[in-house]
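What follows is one structure encoded as structure tokens, with my remarks underneath.
The values are calculated or read from the model by the stated rules, or taken from the named source; none is laboratory data. On a predicted model such as this, the values are computed, not experimentally measured, just so you know. Virtual Cβ from ideal backbone geometry, glycine too; neighbours counted across all protein chains shown. Heads up: the accessible areas ignore ligands, DNA and RNA and are worked out on the full protein's heavy atoms, side chains in. Shrake-Rupley method; radii C 1.70, N 1.55, O 1.52, S 1.80 Å.
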Amino acid sequence: ISQFLTQPAIMTLLLVIGIAGVAIELIVPGFGIPGLIGLAGFGLYFFGHYITGFAGMEEIILFVIGVVLLIAEVFVSSFGILGILGSASLIAGVVLAAPSPKSAFLSLFVALLAAGVIVFIIAKRFAHKGVWNRFILSESLTTEQGYVSTADKALYLGMR
């Protein structure tokens, strides 16, 4: 199992599943299935590398710290510092867990591109259902609906 999970193609596929699953979970509201699939992808990635001896608990802890920092970035105003540190920690955890840094960076680059395309397609498909639409004003207040602004602004001249 560990030999299968640490093959470069499978390693890249697991990273694509992990990145895309977690990103889709954040963009599209739902039950949590994409997030669980993404966590399973990352879990299998680290499981395979841990069993073969490429990764230790340090890399897994580094990855978890990165996830915690990225979640904290959502709730704490840190001007991007927590996000940058979280991203660096995630990348370091993935790269240090791989057999060679060169193959890890290549797999991570391909996985980010592929996951980016997948997330873009899913986001376009479910744009009307996205959680971000709650922050966008999509209604207009028209005269036909009974909303009328004051037409005579001269009434306000000289008022304090």
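Per-structure values
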quantity	calculated
Hits in segment 72-87 - residues which are part of a helix (DSSP H, G or I) and open to solvent by 70 Å² or more (accessible area, probe 1.4 Å)	74, 75, 81, 84, 85
First in segment 32-46 and touching a residue at least 24 places away in the same chain (Cβ under 8 Å), second anywhere and in a loop (DSSP other than H, G, I, E, B), Cβ under 7 Å, 6 or more apart	46/55
Selection count, segment 88-102, where residues are open to solvent by 40 Å² or more (accessible area, probe 1.4 Å) and part of a helix (DSSP H, G or I)	5
Test: residue in segment 55-63 that is under 17 Å from the mean Cα position of the chain (by Cα), exposed (fewer than 11 other Cβ atoms within 10 Å of the Cβ) and part of a helix (DSSP H, G or I)	no
Positions within segment 1-54 being outside any helix (DSSP H, G or I) and either in contact with a Cys (Cβ under 6 Å, 6 or more places away or on another chain) or over 19 Å from residue 96 (Cα atoms) (or both), in sequence order	1, 28, 29, 30, 31, 32
Scan of segment 128-160 for residues that are at pLDDT below 65 and open to solvent by less than 90 Å² (accessible area, probe 1.4 Å), ordered by number	130, 131, 133, 150
Any chance residue 11 is farther than 17 Å from residue 118 by Cα and crowded, with 16+ Cβ neighbours inside 10 Å	yes
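One line per residue, one yes/no per condition, for (1) under 11 Å from the mean Cα position of the chain (by Cα); (2) buried (at least 16 other Cβ atoms within 10 Å of the Cβ); (3) closer than 24 Å to residue 117 by Cβ:
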position	(1), (2), (3)
43	no, no, yes
48	no, yes, no
53	no, no, no
68	no, no, no
